[in-house]
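A quick write-up on the structure given underneath.
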Amino acid sequence: MKDKQTLTQQILQILQKQIGFHRQLLETIRMEKEALVNADLSGIQEATYAKEALVEGIKQQEAERIKTSTELALVFKKPLRELTLTGIILEVQGWDLKMADTLRSAQNTLALLAQRISDQNKYNKDLVEKSLGHVQEMKKNVLGESTPRSDTYSQSGQKVNATPSSRLISKEA
């Protein structure tokens, strides 16, 4: 069985990898915004694939963190549900204040990155929704002008019949 120092170091390494993935994800989401603004379909697709790969990497690191936290829970003789990152920091600061500060810094960095990612994703989503709204409005305007209106009125307020549809054969024939 590994000791608490080794397991805590592993937790820190996992957190640092997660920070790296989150930074890459934030940068990818920013690139996605540029692709959306420029209507660059290949750029949007590339950003989507990159985001999927980064999220998968984050999930893998989270699984590793949970596995290592389970081992740490056995060493600390605490239930896993009580051994959140904050719980680990509180345990560690009793015997290694520097490590506790490093873990706390990593926790704060992850929280900040997660908030920025969330904000940027929301911005991108709003941008797409506004664009779709504009497209729907343009579509409605174009289609509305191409169909004759039957509720047209003259200046005197009388209903005017729609223009007769075109005929292929004239009446004279």
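Table: residues versus (1) surrounded by 17 or more Cβ atoms within 10 Å (Cβ to Cβ); (2) in contact (Cβ under 8 Å) with a residue 40 or more places away in the chain.
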residue: 30; (1), (2): no, yes
residue: 45; (1), (2): no, no
residue: 53; (1), (2): no, no
residue: 87; (1), (2): yes, no
residue: 93; (1), (2): no, no
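Cβ separations smaller than 7 Å between residues 6+ apart or across chains give the following pairs from the range 97-125 residues that are free of Cβ contacts under 8 Å to residues at least 12 places away in the same chain to residues that are part of a helix (DSSP H, G or I): 100/89; 100/92. If you scan the range 1-42, which residues turn out to be under 13 Å from residue 71 (Cβ atoms) and not in a loop (DSSP other than H, G, I, E, B)? Passing the criteria: 4, 5, 6, 7, 8, 9, 10, 11, 14.
Against the conditions (1) within 17 Å of residue 103 (Cα to Cα); (2) in contact (Cβ under 8 Å) with a residue 40 or more places away in the chain; (3) not aromatic (Phe, Trp, Tyr), residue 73 satisfies every one except (2). It is to be established whether one or more residues within the range 12-35 are closer than 22 Å to residue 130 by Cα and out of contact with any helix residue (DSSP H, G or I) (no Cβ under 6 Å at 6 or more places or on another chain). Checked the range 12-35: at least one residue is closer than 22 Å to residue 130 by Cα and out of contact with any helix residue (DSSP H, G or I) (no Cβ under 6 Å at 6 or more places or on another chain).
Since every read-out is calculated from the coordinates, none of them should be taken as a lab result. The structure presented is a predicted model; accordingly, all values stated were derived computationally and were not measured. Counting neighbours? That spans all protein chains shown, and the Cβs are built from the backbone with ideal geometry, glycine included.
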